[in-house]
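Peer 1: Before I ask anything, let me first share the structure, which is written out below as structure tokens.
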Amino acid sequence: MKNILLIGLGSIGKIHHKNLIRFKKFNIFVFDIDKNVTLDFIDRKIQNDTNFEDILKNNTIDAAIIRAK
């Protein structure tokens, strides 16, 4: 399993998330500067952290998709 971090959950980030969940070989970690948006997307079986530093510290991330504004 590869761990993918998706940063930025705006309109394009949501499309990336939708596409990533189709692949069963990925654990998807998410982060948005708005904690409430992050909470809407987290899968508690995989991710419990909403703080960016904690996500990086507590998980081995293999790749990241960054959607900056």
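The values are calculated or read from the model by the stated rules, or taken from the named source; none is laboratory data. All of these numbers come straight from a predicted model, not from anything done at the bench. Every residue, glycine as well, gets a Cβ built from its backbone with ideal geometry; the counts of neighbours run over all protein chains shown.
Peer 1: Among what's in the stretch 10-27 and is over 13 Å from Asp43 (Cβ atoms) and of a type in the set (S, T, N, Q), pick the residue that is surrounded by the most Cβ atoms within 10 Å (Cβ to Cβ).
Peer 2: Across the stretch 10-27, the extreme among qualifying residues is Asn19.
Peer 1: Could you tell me how many of the residues in the stretch 32-61 are within 18 Å of Gly13 (Cβ to Cβ) and either in contact with a Pro (Cβ under 6 Å, 6 or more places away or on another chain) or of a type in the set (Lys, Arg) (or both)?
Peer 2: 1
Peer 1: Somewhere in the stretch 48-58, is a residue part of a helix (DSSP H, G or I), touching a helix residue (DSSP H, G or I) at 6+ places or on another chain (Cβ under 8 Å) and aromatic (Phe, Trp, Tyr)?
Peer 2: no
Peer 1: A further question on this structure: Test each condition in (1) crowded, with 16+ Cβ neighbours inside 10 Å; (2) modelled with pLDDT under 95; (3) among the aliphatic types (A, V, I, L, M) for Ile7 and report the one that comes out false.
Peer 2: Failing condition for Ile7: (2).
Peer 1: Let me ask another. Kindly provide the set of residues from the stretch 28-41 that are surrounded by fewer than 17 Cβ atoms within 10 Å (Cβ to Cβ) and not in a helix (DSSP H, G or I), ordered by number.
Peer 2: Of everything in the stretch 28-41, those that are surrounded by fewer than 17 Cβ atoms within 10 Å (Cβ to Cβ) and not in a helix (DSSP H, G or I) turn out to be Ile33, Asp34.
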